[in-house]
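Notes follow once the structure below has been shown.
The values are calculated or read from the model by the stated rules, or taken from the named source; none is laboratory data. These figures come from a predicted structure and were not determined experimentally. With ideal geometry, Cβ positions are generated from the backbone for all residues, glycine too; neighbour counts draw on all protein chains shown.
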């Protein structure tokens, strides 16, 4: 048994920002202007946003660079929930009606559409990961990643049933979790969570101010 | 792939091809075999539909979703501290380990870090979850292959670990102990000595299992060369944890990324195996359980003094931003992609659970195997249904 086994003890060097910038350059040389935006949090992580037409090309380019490990694939609905959270901070002043209320606002690396693809791949040799994003066009259809990463199969099925995003070239977009006849796409923000609508969440007490409490002064020291 | 691996795979394929030819000669009819959802070999409610030709699987498809609870949606209507109650129930055998990456992601967005003592205790409880989880796997493995004794040993010795977790956190299965900024409580008196004793017991348990199960010829025959996953396939399916390391990929998030946890303060080996078969996956898990006991002991030796909670406001609002934090959980890479809009609760949480990826390889892996090998392969892939269905 010991002869067959292989053990390692040395800790490899962790990736630096120079490596992450190199990854951006490599990706830019592969897909050019289709690389729309990047976001680098120093010493932490890297986000890139690619054009939806280059969704597969970006994955292929990354895989050929060594990003062979498929981590996950999903989507984000950036629409603010029309139902609220049912547990807004009761100590906060009543909200002013503002012109951008209800407007779609994307996170890191920006974007222009309500739905965005979100995926992550990892380079096991260089110990670095990249989060990819892409705007989902209004046709709600994206090309599939299965030819590049076989593991994307189930993730795309899940994204399809939860967000209603189609994947061109996917062999089998059956539901994984939901019953076959289920209507609607539960992870969309405009899909109501019925149990929350019929009964307010009792956990609201967690965020109510203490009588005579001095919450305002107790702020985070480090931030 | 190594030579040993290729030779095993070729002999396996040759044996299957010979059987397939025999099936054609005998004109056996195909049949559809339904395993589960209520079958002991499925660890919960996973259903497997297998199309058989004689004793061989033509194709097989796992059907998940009998236990889908929609945690990703539910996190959107909870505050950040309330989310840990939900995510405790993803991988219910190693609950504490589920909480850690989410809390780390929230802390990362808030720009705070737990004090060193809290980081240490977190890592200790994390490794205890691993022992409780994988310890049960080592016993359960025997049951699925027809050996009853190991599961009694596993339940006996897992009880010690659950008692420790209960002693520290108050909860046997769902501790809900991790807080943004630290931990709920410090360790109780006498816990450290007790833990040292239990770690010695657990190493003895690993030795017992190694002699009893891994030394058993039937077990070896049923697992060696069965369900071989080459390294490149494992990576493209996103297999993680022992499943990936058993395919010879040297990748462990405890060592290969920097997190505010205490793994960089201890010495441990990352065990890999070149074969990629069911045997290798089980063997790597056995070594990892041993390694985890050593990690816990080293952490107990170097436990720093100090507070267990950083200064955080009572009402926690997480600043706007996005964070991805993954850790090496008992089942593999478990990560949370947290999007915050500066509210009390997260805007979107993508839960990347290890078992979802680990089981998604099964249609590829089960093609062409024999019926008893379905059980071996599923047992060695090791999934928890809560971790698939979330």
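In table form, for the structure just shown:
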quantity: Residue within the range B:298-311 that is surrounded by fewer than 18 Cβ atoms within 10 Å (Cβ to Cβ), within 13 Å of another protein chain (Cβ to nearest Cβ) and touching a strand residue (DSSP E or B) at 6+ places or on another chain (Cβ under 7 Å) present; calculated: yes
quantity: Selected residue [assigned to a loop (DSSP other than H, G, I, E, B), under 19 Å from residue B:335 (Cα atoms) and either more than 14 Å from every other protein chain (Cβ to nearest Cβ) or touching a helix residue (DSSP H, G or I) at 6+ places or on another chain (Cβ under 9 Å) (or both)] from B:176, B:133; calculated: B:176
quantity: When residues of the range B:338-349 are limited to those that are in contact (Cβ under 8 Å) with a residue 40 or more places away in the chain and within 8 Å of chain A (Cβ to nearest Cβ), the one nearest to residue B:390 (Cα to Cα); calculated: B:348
quantity: Filter result (in a strand (DSSP E or B) and under 25 Å from residue A:78 (Cα atoms)) within the range A:123-144; calculated: A:129, A:130, A:131, A:132, A:133, A:134, A:135, A:141, A:142, A:143
quantity: Odd one out for residue B:356 among (1) in contact with a helix residue (DSSP H, G or I) (Cβ under 7 Å, 6 or more places away or on another chain); (2) over 18 Å from residue B:95 (Cα atoms); (3) within 8 Å of another protein chain (Cβ to nearest Cβ); calculated: (2)
quantity: Looking only at the range B:240-267, and only at residues there that are within 8 Å of chain A (Cβ to nearest Cβ) and part of a loop (DSSP other than H, G, I, E, B), the one that is surrounded by the fewest Cβ atoms within 10 Å (Cβ to Cβ); calculated: B:267
quantity: In the range B:58-85, residue farthest from the other protein chains (Cβ to nearest Cβ) [restricted to those that are in a strand (DSSP E or B) and surrounded by fewer than 22 Cβ atoms within 10 Å (Cβ to Cβ)]; calculated: B:58
quantity: Verdict on residue B:276 being touching a residue at least 12 places away in the same chain (Cβ under 8 Å), crowded, with 18+ Cβ neighbours inside 10 Å, farther than 15 Å from residue B:328 by Cβ and at the interface with chain A (Cβ under 9 Å from one of its Cβ atoms); calculated: no
quantity: Counted residues, the range B:50-81 - those being touching a helix residue (DSSP H, G or I) at 6+ places or on another chain (Cβ under 7 Å) and free of Cβ contacts under 8 Å to residues at least 60 places away in the same chain; calculated: 3
quantity: Verdict on residue B:225 being over 30 Å from residue A:119 (Cα atoms) and in contact (Cβ under 8 Å) with a residue 60 or more places away in the chain; calculated: yes
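Residue-wise test of (1) at pLDDT below 90; (2) closer than 19 Å to residue A:156 by Cα.
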{"position": "A:54", "(1), (2)": "yes, yes"}
{"position": "A:60", "(1), (2)": "no, yes"}
{"position": "A:66", "(1), (2)": "yes, no"}
{"position": "A:73", "(1), (2)": "no, yes"}
{"position": "A:84", "(1), (2)": "yes, no"}
{"position": "A:92", "(1), (2)": "yes, no"}
{"position": "A:95", "(1), (2)": "yes, no"}
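Each row is one residue, and each column tells you yes or no for (1) modelled with pLDDT under 85; (2) more than 17 Å from residue B:345 (Cβ to Cβ); (3) at the interface with chain B (Cβ under 10 Å from one of its Cβ atoms).
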residue	(1), (2), (3)
A:163	no, yes, no
A:175	no, yes, yes
A:182	yes, yes, no
A:192	yes, no, no
A:208	yes, no, yes
A:217	yes, yes, yes
